[in-house]
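Below you'll find the structure, written out as structure tokens, and then a few comments.
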Amino acid sequence: MHTKQRSTRFKWRSLVAMAATATLLLTGCSVGAATTAVAKHDLVIARAMDLTTLDPDRGYCDTCQIVFTALYDRLVIVSPEDSKTLQPGLASTFTANADNTQFTFGLDPAATFSDASPVEPKDVKWSLERLANIKGSASYLLAGMSSIDTPDAKTVVVNFAAPNSAFLAIVAASYLGIVNSDVASEHGASAAADASTADTAEDWFLSNSAGSGPYILDSYTANSAVKLTANPNYWRTKPTFDTVTLKEVTDSSSQLQQLQQGDVDIAMQISPDALDQLKNTPTVTTAAVDSFNYTYIALMPGAEGGAPLADVRVREAIKDAIDYDNIVKTLVAGYGKLQGSPIPNGFEGSEKVALPSYDVTKAKALLAEAGYPDGFTISSTYPKIVAYGVDLDLQMQAIQQNLASVGITLELTPVDFSQWADVIGGKGTPITAVYFAPDHTDSSQYVQYFGLIPNGGYVANFASLAGKTVNQAEVDGLTTALAQTGAERTASYQALAQLMADDVNILPIVNPQLIMAHASDITGVTYSPCCNVDLGALGLTK
Amino acid sequence: MTAISLPSLAGNARDLWKRGSASAWLRPPMIFGYVVLAFWIVAAVGVQWIAPYDPIKQVGERLLAPSGTHWFGTDALGRDVFSRTLYGARYSLPIAAVAIVVSVTIGSVLGAVAGYFGGWVDAVIMRIADMTMAFPAILLAMAVAASLGPGLNNALIAIVIVWWPIYARLMRGQVLSIKQREHVESAVAIGASGPRILFRHIVPQSLTPILVNATMDLGQVILLVASLSFLGLGALPPTPEWGAMITDGAKNFYQPWIAAAPGFAMLTIVLAINFIGDGLRDALDVKATRR
Amino acid sequence: MLRFILKRIAILPLLLLGIVTIAFVISRLLPANPIASLVGERNLNNPEIVAAAKARWGLDQDLFTQYLNYLGHLFQGDLGTSFSTKSSVTSDLLSRLPATMELTIVALLIGTLGGIALGVISASRKDRFADHLSRFFSLLGSSLPVFWTGLVFLFVFYAQLGVLPGPGRLSARIEPPANVTGFYTVDSLLAGNIPLFLDAVSHLILPAFILGWGLVGTISRLVRASMLDEMHADYVRTVRAKGLSDGFVMRHHVLRNSLTPVVTIVGFAFGALLTGAVLVEQIFSWNGIGSYAVGATRTLDYPAINGVTLVGGAIFLLASLATDIVYAVVDPRVRLA
């Protein structure tokens, strides 16, 4: 009896002990957190990531651009100072022939992969062919490529059937990184015509890289972190940091908090609302820089329920009914611009298009003219995402209120991106809201995606009551522009921008500025239209 | 009181009263529960006269902190959080109530049939119930809501699919135990028909535990509706549903008032319902079987 | 007894097959088709790319063939390849399961210990202030929306007071320990890394407490009720009459006998905690199977949806089986039907 009694007491006491330990742990951890100041060899970046693969020829996403740029050097690169200028990358020389159908690259003899083997023409040929044949999301970049020749040990010649003056800019895109073909082939990669089914290397690329970039892949945990380590054999200026880790931090408030506390060095998606809060933090530097990203709404008469939009006056009315300035103020705290056509501010061709303006009276008059004096009801399915600081859900609710004031009832259905893609691939939705970020620095991509051309983007499928719609002027304009360079080409793109604006199928809403927030001792945090942030260029102040 | 005078149960209310003394129905926590619940019902019915602003219109600067003009501040679109919170009562409470009533009806009927007839009917119904219950509730609800598309009505369907097996089990257990009792046996002896015995003699006797569980579950279902909305599978914008408002608040972490009001509203109503349910359970001396 | 247990185990594979089938049917009944997200909306107009993706992911076959293929692979332990992580669902789940388990087990501990403590207080101070307070605290736990509580606690303890860390399993600059069990707390101790252990524990506190709090109510009510029953039982009166102190009687006889029903509910509680974990993981950026499930539903990732429902269902079934067995063992009076 007695021993038993003691054992019972002991249990009670151990409970108390446990509680005490818990308290100790609580206090202990705050001490632990304070002592983690380490010399900065390891850079940590907070980002909400959209990675679904690390295969450079299969990926197609914003985070892919960052990671691929760090892992795989390209033949040419976009100048950090001026996005319209191209600089030598793996290719020390690059030229186009007179009619822009043949491009010749002379490889830099110093260029090596991370395993110290030289970058050879066969690797370039293999990489481009793999991207084209794998039939992935970025394969469209090489549409029209007819053949690749490797006449000698340092030269690559890429041939196109039709003129493609955009090609040099495309070669600088992050998706055109050059892969070490011997290493990748060993692990199941294929560049053959049947690569889309024969290639089995996607899994291998989740934990390995085979490039010539400043970093190599150390490890990747989906939805958690990508860790890169410095490439010991990098053929150019070696990167400053030993490791760079991209951490999945989904919401902008956590990113802000972690940046303020020094847990991370760079926060990539700080909301504009938080900028003021950071101004008082001396250890953090912030900048709002112009971007080439934008959100837009698409008006699609050919989608189910889109009939009222068939009249261009109705589309014009919707355009006039939106209070753009208020939306820029509300959604991105004023850190954004208006945009006139699908070709964004700063891209060739965007210069002369008028910006949209808010005019309710005109909108009402147009609606009455079109036979809808009391408006109508129309639905909108869109992905519920925050794109470059713009919460599409809020944007659509603001537009819903604007349209209500001219009698149009907008019914909103936010869905996940994959469901949205399915709707767009099926019966469509009369009005949708999405974003666009450039893949490279040439304006052709906007005409290819937003122009009413055969094999264009989804908007062309629903652009009129008849469904698939072709605007021949845009088809011809694009063909002309792709055969031109210089001022002539600029004029062609200006005309194309106006044509697309006059279709009134695409209404750009906000061209948000990009908020760069990082620890004050980090340098080189810049934004490039082809590749997002170049991790290799990041450094430390001395 | 609304909670116990649900239409399908009205006939049995008198029996219920007999079983607990009046004081057991009027304990302080229960009175608190009645008052809070009454407040929210009044708010839901009369919100257009009470709320100071239109819940879906921009009525002020965005992200204003609470003040005299906007008691609970404004959200990211400049809408009045106080008005939106009041309007929220129009969604959470009725939807959860309907979900519970439908689940109770479907579950009870299936459970009673399973328990009374036994054999393969019982086996089929209860295996389906078992399997449904084997899915973590939120996963199943998410899958169903995702397949039906977002929207409060679809969320309601998802919840019924998740919730009916609880009542089926409960009712089956009750029916099995009551079936043995004398008066049922005598009813069988005098030749009453199966369904008549089931619905005249057995089911009414089984209602008490079902009722108590339904009351307790009402709170959980309110939370589940909000959870689905929080995950983007419930209310559509600009509906001022509480779960969806908390999602908005989560996006504006440093403006805590946006999420505070709807969360607190939900807390009070669920707490009130739990107080009532807890009191009912004590008053009626029901051993709860919950999952 | 043995027959009962064997019978329950024998039916398990059938139930699992049912769950697999239901999961498969539900995911394929989704009106949306993952092909659009697999190839990107840009390529939907390109039939060649669409056909290539369908062939690669086996979506070009009819539903029944897909189902049979899935079952065939399942028997070899292969749950397929996730559309969105591109790695095998089995390895995805294995890498995330420990995170969820660590969270739920700690929550279960908090819920059970807290519930017992509050139940004891309530019963021994019946109808007094402490009883009311502890019952209020318990009810509060089951009335709170966990995703909201998570936000509030993060705001208070992380953003304002700064005493507890923010979302995630570890601080940003801290590397996870070498993987042995996948439980960071255990692995860090195995590696002898105390600061890492403390970091892992401090990250567990908020989510585990919020998750466990919901359980406190259920358990404390149970303990309170059964303790009150026991206190009026004959043997307690006898023991008291023998002159033993109230405290001793409470601890030694009443509490011990009152804990039996707690054992039986813990299995079910585990299932409920898994449900709560889905939401808590969202708020606390916890890379477990809950957030995996949410991600899978969002991206229409069929293999992942099927895998996660199968695992979730299996855990729930095993937990209730364990409960039934334990119940039968500790309380032979139970009629085993």
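Given the condition without any contact (Cβ under 8 Å) to a residue 24 or more places away in the chain and in contact with a helix residue (DSSP H, G or I) (Cβ under 6 Å, 6 or more places away or on another chain), answer yes or no: does some residue in segment C:96-105 qualify?
No, segment C:96-105 has no match at all.
Please enumerate the residues belonging to segment C:11-49 that are farther than 20 Å from B:I138 by Cα and either away from chain A (no Cβ under 14 Å) or in contact with a strand residue (DSSP E or B) (Cβ under 6 Å, 6 or more places away or on another chain) (or both).
C:I11, C:L12, C:P13, C:L14, C:L17
Mind checking which pairs have a first residue in segment A:205-229 that is under 23 Å from A:T112 (Cβ atoms) and at pLDDT 95 or above and a second that is among the charged types (D, E, K, R) and part of a loop (DSSP other than H, G, I, E, B), Cβ under 6 Å, 6 or more apart or different chains?
From residues that are under 23 Å from A:T112 (Cβ atoms) and at pLDDT 95 or above, the pairs are A:F205/A:D55; A:S212/A:D73; A:G213/A:D73.
In contact with a helix residue (DSSP H, G or I) (Cβ under 6 Å, 6 or more places away or on another chain) and either buried (at least 22 other Cβ atoms within 10 Å of the Cβ) or without any contact (Cβ under 8 Å) to a residue 40 or more places away in the chain (or both), is that true of A:G426?
no
Output the residues belonging to segment C:178-220 that are within 14 Å of chain A (Cβ to nearest Cβ) and part of a loop (DSSP other than H, G, I, E, B).
Matches in segment C:178-220: C:A178, C:N179, C:G182, C:N193.
Output the residues belonging to segment A:20-50 that are modelled with pLDDT of 50 or more and at the interface with chain C (Cβ under 9 Å from one of its Cβ atoms).
At the first step, the residues of segment A:20-50 found to be modelled with pLDDT of 50 or more are A:39-50.
Scanning segment A:20-50 gives A:D42, A:V44, A:A46.
Which condition number in (1) more than 14 Å from chain B (Cβ to nearest Cβ); (2) touching a Ser or Thr at 6+ places or on another chain (Cβ under 6 Å); (3) among the acidic types (D, E) is the one that C:D131 fails?
Tallying (1) more than 14 Å from chain B (Cβ to nearest Cβ); (2) touching a Ser or Thr at 6+ places or on another chain (Cβ under 6 Å); (3) among the acidic types (D, E), C:D131 fails exactly one: (1).
If a residue counts only when it is on the phi < 0 side of the Ramachandran plot, at the interface with another protein chain (Cβ under 10 Å from one of its Cβ atoms) and among the acidic types (D, E), which strands (runs of 3 or more DSSP E) contained entirely in segment A:343-454 have at least 2 such residues?
none
Identify, from the list A:K247, A:K238, the residue that is out of contact with any Phe, Trp or Tyr (no Cβ under 6 Å at 6 or more places or on another chain) and more than 10 Å from every other protein chain (Cβ to nearest Cβ).
A:K238
Among residues belonging to segment A:458-479 that are in a loop (DSSP other than H, G, I, E, B) and out of contact with any Asp or Glu (no Cβ under 8 Å at 6 or more places or on another chain), point out the one that is farthest from A:G426 (Cα to Cα).
Among them, the one singled out is A:V470.
So, of the residues in segment B:19-75 that are within 25 Å of the chain's Cα centre (by Cα) and charged (D, E, K, R), which turns out to be farthest from the other protein chains (Cβ to nearest Cβ)?
B:R19
Go through segment C:1-53 and count every residue that is within 25 Å of the chain's Cα centre (by Cα) and among the charged types (D, E, K, R).
1
Mind listing just one residue for me: the one in segment B:250-271 that is surrounded by fewer than 24 Cβ atoms within 10 Å (Cβ to Cβ), more than 7 Å from every other protein chain (Cβ to nearest Cβ) and small (G, A, S) and, of those, farthest from A:A387 (Cα to Cα)?
Once the filter is applied, the top-ranked residue is B:A265.
Being modelled with pLDDT under 95, of a type in the set (D, E, K, R), within 21 Å of A:S271 (Cα to Cα) and out of contact with any Lys or Arg (no Cβ under 9 Å at 6 or more places or on another chain), is that true of even one residue in segment A:343-353?
no
List the residue pairs whose Cβ atoms are under 8 Å apart, where the first residue sits in segment B:72-101 and is acidic (D, E), the second is surrounded by 23 or more Cβ atoms within 10 Å (Cβ to Cβ) and part of a helix (DSSP H, G or I), and the two are 6 or more positions apart or on different chains.
Within 8 Å, the pairs are B:D75/B:V81; B:D75/B:R84; B:D75/B:M245; B:D75/B:D248; B:D75/B:G249; B:D75/B:I258.
Only one of these is more than 23 Å from the chain's Cα centre (by Cα) and surrounded by 19 or more Cβ atoms within 10 Å (Cβ to Cβ): A:D325, A:D320. Name it.
A:D320
Need a quick list: helices (runs of 4 or more DSSP H) entirely within segment C:1-81 having at least 2 residues that are at pLDDT below 80 and surrounded by 12 or more Cβ atoms within 10 Å (Cβ to Cβ).
Of the helices (runs of 4 or more DSSP H) lying wholly inside segment C:1-81, those with at least 2 residues that are at pLDDT below 80 and surrounded by 12 or more Cβ atoms within 10 Å (Cβ to Cβ) span C:2-29, C:35-39.
Can you report the number of residues in segment C:148-164 which are assigned to a loop (DSSP other than H, G, I, E, B), within 7 Å of another protein chain (Cβ to nearest Cβ) and either buried (at least 21 other Cβ atoms within 10 Å of the Cβ) or touching a residue at least 40 places away in the same chain (Cβ under 8 Å) (or both)?
Initial filter on segment C:148-164 (assigned to a loop (DSSP other than H, G, I, E, B)): C:161-164.
Still in the list and also within 7 Å of another protein chain (Cβ to nearest Cβ): C:163.
Filter once more, so that each one left must be either buried (at least 21 other Cβ atoms within 10 Å of the Cβ) or touching a residue at least 40 places away in the same chain (Cβ under 8 Å) (or both): none.
Of the residues in that region, 0 qualify.
Search segment B:127-148 for residues that are more than 7 Å from every other protein chain (Cβ to nearest Cβ) and over 19 Å from C:R28 (Cα atoms) and pair each with any residue that is among the basic types (K, R) and not in a loop (DSSP other than H, G, I, E, B) when their beta-carbon atoms are under 7 Å apart and the residues are at least 6 apart or on different chains.
Close Cβ pairs satisfying both conditions: B:A129/B:R169.
Would you say A:G340 is surrounded by 23 or more Cβ atoms within 10 Å (Cβ to Cβ), touching a residue at least 40 places away in the same chain (Cβ under 8 Å) and assigned to a loop (DSSP other than H, G, I, E, B)? Let's see the steps before the verdict.
Numbers: surrounded by 23 or more Cβ atoms within 10 Å (Cβ to Cβ): no; touching a residue at least 40 places away in the same chain (Cβ under 8 Å): yes; assigned to a loop (DSSP other than H, G, I, E, B): yes.
Criteria not met by A:G340.
Being in the same structural domain as A:S174 (by TED's automatic domain parsing), closer than 30 Å to A:S207 by Cα and of a type in the set (S, T, Y) is true for just one of A:T101, A:T112. Which residue is that?
Result: A:T112 is the single residue among A:T101, A:T112 that is in the same structural domain as A:S174 (by TED's automatic domain parsing), closer than 30 Å to A:S207 by Cα and of a type in the set (S, T, Y).
Are any residues in segment B:227-248 touching a residue at least 24 places away in the same chain (Cβ under 8 Å), in a helix (DSSP H, G or I) and more than 20 Å from the chain's Cα centre (by Cα), and if so, which ones?
B:D248
Working only within segment A:133-159, note down all residues that are buried (at least 19 other Cβ atoms within 10 Å of the Cβ) and more than 29 Å from A:T53 (Cα to Cα).
A:K154
Here are the criteria: (1) of a type outside the set (S, T, N, Q); (2) at pLDDT 75 or above; (3) over 30 Å from C:G80 (Cβ atoms). Tell me which single one C:A293 does not satisfy.
Just one mismatch for C:A293, condition (3).
Suppose we filter segment B:110-121 for residues that are surrounded by fewer than 18 Cβ atoms within 10 Å (Cβ to Cβ) and in a helix (DSSP H, G or I); how many remain?
Matching residues across segment B:110-121 total 4.
Condition test on B:I178, is it touching a Ser or Thr at 6+ places or on another chain (Cβ under 8 Å), among the aliphatic types (A, V, I, L, M) and over 30 Å from B:G234 (Cβ atoms)?
Answer is yes for this residue.
Among the residues of segment A:219-259, how many are surrounded by fewer than 23 Cβ atoms within 10 Å (Cβ to Cβ) and farther than 20 Å from A:L538 by Cβ?
Adding up the residues that qualify gives 5.
The values are calculated or read from the model by the stated rules, or taken from the named source; none is laboratory data. It should be emphasised that the depicted structure is a prediction, and the values quoted were computed from it without experimental measurement. Don't worry about glycine lacking a Cβ; one is built from the backbone with ideal geometry, like all the others, and counts go over all protein chains shown.
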